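Following: one structure in structure tokens, then a few remarks.
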């Protein structure tokens, strides 16, 4: 923890300004009320106050290194008293010494000065006390800030862990049913079986790899999603149709890895799994100035009561977007006229 | 011994292909039909009465389990499933066998020989109780929440979304389910529905009644210390004192 005054230029200026104001007040008082000449008044004010100002900086150290929280109150108080007496003693000796030497001819003033030493010492003790209190306040608020920072860091760690968990959820139904399809294809169509194994491997590797890389180009993300859809298409044949349209500008856009996977999975689960008729899944991407807008839609039969509860996958995606883009992105969905649509806005400028 | 008549109910073509290929090696088995969804499978099973079925669990329209709930003819069942921890326990105890996809030829042969010995002991002892009832009972213990209910009414199969249910009423061994499209009788216990319906939405307001709280229009005092619910469709549902307590907690008033 750095010194609250000398730690930054701004606090040095503020601290000096406060002492200047005090000096000025004292000077005005001495000059107009007690009628001492300007030179005497200015010297007295500046020397006594700035000496105190400088020595007062030292009061920080007992506050910092002998805090109440760590030591018995008696020990801390004694430490402050001893330090305070030292500071006061040095201050009084220096001030009185310097002023006596500077104005040896002004007997009137010197009498006043030497008569008020006790008062000055008491006033100094008071100011010293105020300083110590201020230092304690500053230390505490710094500690609080540091704790808040630590909490924030912790939260972001937890967030990261949560994200990893959300991302790594590959549906075991998908995995084992795909393997079963491959087993079947090895007999009827070995070439297609090999293709499917490669696609499945690419997709699984991608879903493992993304733990390290937070962002990939939309092109790569969609490439893996196409693998995913192609695998599902082997299982469901003509029942599953899909179209993915993106232009060059969209291809390069970075997106969080596996962000679309739960959406395609949902689309398949709620449409293809539940339907006996062909369904189409569409993906489009439209860039504009502020956002990259993606739309995933799928047909569904609104009359068929859903087997699975809806929303977990969608909530996860929304959470990832909100956490990842600090509430600047958005995820919206609606089911209307037999088409379910999910809109995502990715902010284009994001630091 | 005559041929065993087999039916395949499975929604994925490659999975059906695989089963058919494996079955080709067993001349004692005859495939009498293949269906790609629970609805068609259910109809065909009731009509053609196969000896045994290969049944996928996850299927469109009607899942394998929902199909079992409303099946009239009860064949032997060999489940084929990808991943379903709870159901596997049900199969272990009660089904002829279950095949975890993907499965080998040897594993398949094992299931067939289990089926054969079951069929033999069945024809010797005569009329052994079907295993389907036991599977049903076991599945009813699952703690998974209910999203839809399958009901057979005058020969037709109705699939009702739980959110369309207004209230349920106990009727001896059955439960009457009231919806805007009419009422449906289901052989099931109130306890089952109390445990498996979403407890945010459904409250056991009375020993004999469960109400969908989103359908409540207002609550009126009734007789001494009892209350009665007036539903949006005009129906009235009695509330017991303990039911009122649960309702208060649920609706936060």
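What follows is calculated from the coordinates using simple rules that are stated; it is not laboratory data. Keep in mind that what you see is a predicted model, and the values were worked out from it rather than measured. Cβ: placed from backbone, ideal geometry, glycine included. Neighbour counts: every protein chain shown.
The ranking of A:137, A:20 by Cβ neighbour count inside 10 Å, starting from the fewest, reads A:137, A:20.
For a paramagnetic label modelled at 7 Å from the Cα of residue A:149 toward its Cβ, which residues of region A:8-44 fall within the zone defined by backbone nitrogen distances under 18 Å? Backbone N within reach: A:8-11. Taking the DSSP beta bridges with both ends in chain A, the antiparallel portion is around 80 percent. Fully extending the segment from residue A:106 to residue A:8 would add 31.2 nm, taking 0.36 nm per residue of separation and subtracting the current Cα-Cα distance. Footprinting exposure proxy ranking of A:29, A:99, B:68, fewest other C-beta atoms within 10 angstrom first, gives A:29, A:99, B:68.
Residue by residue along B:57-67, Cβ atoms of other protein chains within 10 Å of the local Cβ number 3 on average. Neighbour counts of C-beta atoms inside 10 Å place B:56, B:40, A:337 in the sequence A:337, B:40, B:56, starting with the fewest.
For the segment B:161-170, counting C-beta atoms of other chains within 10 Å of every residue's C-beta and taking the mean gives 1. Rounded to 0.05, the FRET efficiency of the residue B:249 and residue B:172 pair, given R0 = 25 Å and the Cβ-Cβ distance, is 0.25. Mean partner shielding of peptide B:8-17, defined as the number of other chain Cβ atoms within 10 Å of each residue Cβ, is 6. Across chain B, C-alpha contacts under 8 Å between residues 6 or more apart give a mean separation that, scaled by the residue count, equals a relative contact order of 10 percent. Given R0 = 45 Å, the distance between the Cβ atoms of residue B:146 and residue A:252 translates into a calculated FRET efficiency of 0.45.
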